[in-house]
Amino acid sequence: MFKKLNKKKKNQPIESNSEIDLHNVPNHVAIIMDGNGRWAKQRKLPRIKGHYQGMQTIKKITKEASDLGIKYLTLYAFSTENWTRPKNEVNYIMNLPVNFLKTFLPELIENNVKVETIGFLKELPKATLEAIDKAKEKTKTNTGLKLIFAINYGGRAEIVHSVKSIYEKLSSEGSSSDQITEQMINEYLMTHSYPDPDLLIRTSGEQRISNFLIWQVSYSEFIFNEKFWPDFDKEELINCIKIYQSRQRRFGGL
Ligand code: V07
């Protein structure tokens with residue numbers, strides 16, 4: 001007979017009834033919003049319904065992150081690899097920024113949220129770009145949460161882009177490679193004006209980085225949450241922050 005293993009529930013905070021410490025929330029939370037397709041499949045719905053529901057989750061999580069005092073929320077919305085998906089799915093996804101902002105831009109403005117992006121945006125459809133540019137423009141003086149959408153983003157492509165720019169600069173001024181430092185590479189990344197993420201969350205149980213912020217997460221805490229992104233909610237976010245805080249208490253005291 002097999003010995004019955006103790007089934008420990010995953011990702012329970014150390015003290016499950018502990019309160020969140022509002023003075024110690026992570027400054028920058030990055031999220032890989034995975035499981036939208038599987039959420040739809042489970043319900044025998046088309047994949048695009050999963051993306052639609054995933055978009056609704058962003059609205060709730062943005063509000064909650066802002067209320068908790070998180071300063072930077074970076075969301076992996078579309079990777080440089082996602083173009084290989086079926087054309088109708090890509091088209092639908094590319095319309096989501098338009099759809100999202102049509103209903104949600106007033107609330108973002110009201111909540112003092114600043115919309116920003118990282119990624120190779122020039123390759124996006126014109127209507128998508130226009131909607132995003134409008135949102136950036138209308139929120140540019142906001143001083144609250146920075147809501148950063150990673151769209152057509154890939155970590156390796158970002159580093160290649162950075163290295164090319166550095167090469168151009170140094171060769172144009174006849175400088176040597178001695179000038180190249182970690183700080184310089186940082187300054188040429190698309191994230192140059194943000195601190196590194198304190199916490200990276202990936203939903204839907206997969207435990208990979210999948211080319212998201214690969215340089216920037218060198219010292220981040222990783223939490224892999226079991227919920228599909230459309231089912232992720234305020235309580236799950238709070239639980240992730242409690243886990244983050246419990247890790248800090250165990251390892252941060254030295
Ligand atoms: C996208 C919904 C969330 C699940 C994961 C993929 C699909 C909101 C936006 C968005 C982007 C920029 C902006 C406002 C909203 C978005 C893409 C995909 C490409 F200024 N959701 N969402 N963009 N999904």
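Every number here is computed from the coordinates shown, using simple stated rules; none is lab data. Source: prediction; values computed, not measured. Please note: Cβ atoms are built from the backbone with ideal geometry, for glycine as well, and neighbour counts cover all protein chains shown.
A few remarks follow.
- Residue 34 vs. criteria acidic (Asp, Glu) and crowded, with 17+ Cβ neighbours inside 10 Å: yes
- Residues located in segment 57-81, provided they are in a helix (DSSP H, G or I), in contact (Cβ under 8 Å) with a residue 40 or more places away in the chain and either under 19 Å from residue 202 (Cβ atoms) or more than 9 Å from the ligand (Cβ to nearest atom) (or both): 57, 58, 60, 61, 62, 63, 64, 65, 66, 68
- Residue count, segment 82-99 (criterion: near the ligand (Cβ under 10 Å from one of its atoms) and within 29 Å of residue 161 (Cα to Cα)): 10
- Any pair with Cβ under 8 angstrom, 6 or more apart, that starts in segment 112-135 at a residue that is farther than 22 Å from residue 161 by Cα and ends at one that is among the polar types (S, T, N, Q) and part of a helix (DSSP H, G or I): 112/66; 113/62; 113/66; 113/139; 114/139; 115/139; 127/95; 128/95
- Of the residues making up segment 175-193, those that are farther than 23 Å from residue 149 by Cα and not in a loop (DSSP other than H, G, I, E, B) are 177, 178, 179, 182, 183, 184.
- When restricted to residues that are closer than 20 Å to residue 30 by Cα, within 11 Å of the ligand (Cβ to nearest atom) and part of a helix (DSSP H, G or I), segment 130-159 contains 2.
- All positions within segment 206-236 that are of a type in the set (Ser, Thr, Tyr) and either under 18 Å from residue 78 (Cβ atoms) or surrounded by 18 or more Cβ atoms within 10 Å (Cβ to Cβ) (or both): 210, 220
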